[in-house]
Amino acid sequence: MIKPSIILASRSPRRVELLNQMGVDCTTMPADIDETPMVNEAPIDYVLRMARQKAEVSMQVFTEVNLPIVAADTTVVLNGNILGKPVDDADAANMLNQLSGTSHQVHTAVALAYQGALEVVLSSTMVEMMPLSDAQIKAYIALGEHRDKAGSYGIQGTAAMWIKRIDGSYTGVMGLPVFETAQLLRKTGILNL
């Protein structure tokens, strides 16, 4: 049986891993776009726009390639404020201090571009994190797991020990909600499971 193949507009190894788990091979071709939120842009609007723009940029680059393009974007939201990827270790420590002992949202938007059509879906998950000590945050940052992760943590790594509960999609918090992604791929006939 030949595995379906797509272009993934991302450099995320977690997204590649989740697609492979779904039985989908992918070629990673990151779409570099300006990820600055617009003034007063709602977090959900932001994450949907980012996924859409990544897919649109990839569609322009791969006009001759007849493969589906999957793009995704994940953002962590606390009290209406977007916590993106940390710019440095101090920024990561600040984000983790803010998230410590809170419930926050993780939104992941997935876009599928194929045969001239573009569809975007959203997965939203509530995450409850335990209170963190300065020592825990410092030790986590020393591991380097916070780099290139929205909100400065990865639920699939060491930070999983801090997560008391989630209400929503675990894989959505990882960066690619498998259920929603599979639904998109099924609609186009790319995935038949």
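Coordinate-derived values only; no laboratory data. These numbers come from a predicted model, not from an experiment. Note that each Cβ is placed from the backbone with ideal geometry, even for glycine, and that neighbours are counted across all protein chains shown.
For segment 27-53, the tally of residues that are more than 16 Å from the chain's Cα centre (by Cα) and closer than 23 Å to residue 185 by Cβ stands at 1. In segment 79-115, which residue that is polar (S, T, N, Q) and over 18 Å from residue 37 (Cα atoms) is surrounded by the fewest Cβ atoms within 10 Å (Cβ to Cβ)? Here the residue is 115. When residue 153 is tested against (1) among the aromatic types (Phe, Trp, Tyr); (2) farther than 20 Å from residue 17 by Cα; (3) within 17 Å of the chain's Cα centre (by Cα), only condition (2) is not met.
Within segment 91-107, the set of residues being polar (S, T, N, Q) and in contact (Cβ under 8 Å) with a residue 12 or more places away in the chain comprises 97, 98, 100, 102, 103, 105. For segment 139-193, the set of residues classified as farther than 30 Å from residue 115 by Cβ, crowded, with 17+ Cβ neighbours inside 10 Å, in contact with a Phe, Trp or Tyr (Cβ under 8 Å, 6 or more places away or on another chain) and not hydrophobic (A, V, I, L, M, F, W, C) consists of 140, 145, 146, 153, listed by residue number. Does residue 118 satisfy the condition of being over 17 Å from residue 168 (Cα atoms) and crowded, with 20+ Cβ neighbours inside 10 Å? No. Check 17, 64 and return the single one that is under 17 Å from residue 149 (Cβ atoms) and surrounded by fewer than 17 Cβ atoms within 10 Å (Cβ to Cβ). So the residue among 17, 64 that is under 17 Å from residue 149 (Cβ atoms) and surrounded by fewer than 17 Cβ atoms within 10 Å (Cβ to Cβ) is 17.
What's the total number of residues in segment 1-14 that are surrounded by 15 or more Cβ atoms within 10 Å (Cβ to Cβ) and outside any loop (DSSP other than H, G, I, E, B)? Outline the logic, then answer.
So the first thing to find is which residues in segment 1-14 are surrounded by 15 or more Cβ atoms within 10 Å (Cβ to Cβ), and the list is 4, 6-10, 12, 14.
Pick out the ones that are also outside any loop (DSSP other than H, G, I, E, B) and you get 6-8, 14.
Selection size over segment 1-14: 4.
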